[in-house]
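J.: Once you've had a glance at the structure underneath, I'll fire off some questions.
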Amino acid sequence: MTAPPGARSHPSTATRLKELAGPELYRRNAFRRTGLPAVAALSDIKNRRRTVNTCIELDIEIDVPGEFPPREPLTADQARAAFEDLTDSQRRIVDEVFWFWGTDCSGCLCPESVHRNHDDAVRAHVRALDAELSDPGQPPDTEAARQRNEEWAEAASQWRLLLRRAPFWEHLRTRLQALDDRRLDESVIDLLRGAVPRTLVAPVVHLAVADGAPERLVQQCLKWSDVGRHALDDALDDILSPRYAALSPHIQRAHEHTVAGRPSAAESLLLEHVVPALERLEPFEGRTSTHRAAARRRTDAVRDATAVQLANSAYKTLELGQVTALSPGWAVGRLERARRFATRPDTQEGIDQALSLVRAARSAGLGLGLGTGPGMRSTPPGARSRPRPAPPPATRRPASPGPRPQPGRPRSATPARPRRDLPSALTVVTVLTGVIVFVVLMSLSVSAPLPYALFAMGAVQLIGGGIRTFRDRRPTDRPLGRR
């Protein structure tokens, strides 16, 4: 994002705007901390400074006048910084924008409505921010939350209308003349036009990003979308981009763990540091605009890289045979989680193909482990089949009338052998073969491995069906020959 016009020629003003662009926008205001009015003369500032310093040295409580006195006692460092800001005209003009102007318009010849609307905007904004900072995380269905929402809406509406009024900027030009600093010229007004809206929008975005359940504050962010041109988009980019960038090192380390044969460590790293952060930032991605196209591409790249590493850790776990619970649900859960963050079509297609394969195994009702290698059993270790009880001994029964066996149809002297449940075994072998082929081809980066896996499954079905047919046709009882 490019700097606003005038930022290079007025670095102190630009720096002060950035310092205040946060939830403590008004709590750090020099006029609020010192109790001075926004039109205070230099002599009034010097007298107030002596009084405040004396009270701090003697550990006397400072009486700060005004509608919103400081929430906490002023420290020596805070007092020194506040008075330095007031004596620096380039920084003071910023604090004047964000504090009360009062009803006296004799020094600026502004319409009284400009001062009134400005002070109403500041008042509503101060109340909303003080409430959020004093009691964060308020549930959205409480009376306190509804009151805050009204203050947010009032502040956004008042500031939006105020920044569009020419008398507002004329008042600031008058104040530049009153400060009588040759460093302050018309370019300061250009700087304020571009940066004041961003400074106003930044607090609610900061609060929403820091909130564990940001849905309510995200709605408040949207109310500021018309305060300045692209102000909300710029604030979102400024605040969200560093958070997405901070996830890249974790994703890189997860990749290194997977390559080194430690997929469980990669998955734990992603679930601990990356996935929660992406889930917390998801509500902000609903704000899509052409102005945020570049930022959205960076965001999608981070999300897709996370999906790839989640899927790779699952593939590596299957490849190494580290799955002990023989259930397709293990792979389905991990692949579905990876699919949630996939943004590129090829990533989505690869994960969808893997999901279709393992879901087929799960729908077959098989206890199948996708990471099992050769020799792994389909039952948990230690489980044994219960022996069938022996049949009771035969007892003689009296002959009863009934149909006699017809001649020419001799009864077989040899009982039919029990057949094993080969269809279930064949299904297990078929699905297992398809999974192994799919995982191996994915590890070799073969494009579209699913058709090969399905072909292998069809081949196993064909061969198994042929073996079963041959077995069924083979005579089990040989006729008795003549002696």
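Derivation of every value follows stated rules applied to the coordinates shown; laboratory data play no part. On a predicted model such as this, the values are computed, not experimentally measured, just so you know. Virtual Cβ from ideal backbone geometry, glycine too; neighbours counted across all protein chains shown.
J.: What is the spin-label model distance, in nm, from residue 169 to residue 24 if the labels are put 7 Å beyond Cα along the C-beta direction?
T.: So the label points at residue 169 and residue 24 sit 3.2 nm apart.
J.: Here's another thing I want to ask about it. How far apart, in nanometres, would the label points at residue 469 and residue 336 be if each is projected 7 angstrom from Cα along the Cα-to-Cβ direction?
T.: Result: 3.9 nm between the two label points.
J.: Could you give the nm distance between label points at residue 459 and residue 87, where each point is 7 Å from its Cα heading toward the beta carbon?
T.: Taking the two extended label points, one gets 8.7 nm.
J.: With 5 Å bins from zero, work out the P(r) of region 10-124 over every alpha carbon pair and list the percent per bin.
T.: P(r) for region 10-124, in whole percents per bin: 2, 11, 22, 23, 20, 14, 6, 2, 0.
J.: Over region 244-356, what per residue volume does the convex hull of the Cα atoms give, in whole Å³? Mind dumping the intermediate values first?
T.: Numbers: hull volume 11.8 nm³, N = 113.
Here the figure is 105 Å³ per residue.
J.: A follow-up question, please. Once region 11-245 is represented by equal point scatterers at the alpha-carbon sites, with solvent omitted, what log10 I(q)/I(0) does the Debye formula produce at q = 0.09, 0.16, 0.18 Å⁻¹?
T.: Relative scattering, expressed as log10 I(q)/I(0), comes to -0.38, -1.20, -1.44.
J.: In nm, what is the difference between 0.36 nm times the number of residues separating residue 75 and residue 225 and their Cα-Cα distance? Walk me through the numbers before you get to the answer.
T.: On the way: separation 150, 0.36 × 150 = 54.00 nm, distance 3.66 nm.
50.3 nm is the gain from fully extending residue 75 to residue 225.
J.: Using Cα positions and a limit of under 28 Å, work out the lysines in reach of residue 46, with same-chain residues fewer than 8 apart set aside.
T.: By straight Cα distance, residue 46 reaches 18.
J.: Follow-up. Can you compute the FRET efficiency between residue 60 and residue 177 using 1/(1 + (r/R0)^6), with r the Cβ-Cβ distance and R0 = 51 Å? Round to the nearest 0.05.
T.: Values: r = 38 Å, r/R0 = 0.74.
My answer for the efficiency is 0.85.
J.: Let me ask something else about it. If I model region 126-238 as equal point scatterers sitting on the Cα atoms and use the Debye formula, what is log10 I(q)/I(0) at q = 0.13 Å⁻¹?
T.: Evaluating at q = 0.13 Å⁻¹ gives log10 I(q)/I(0) of -0.56.
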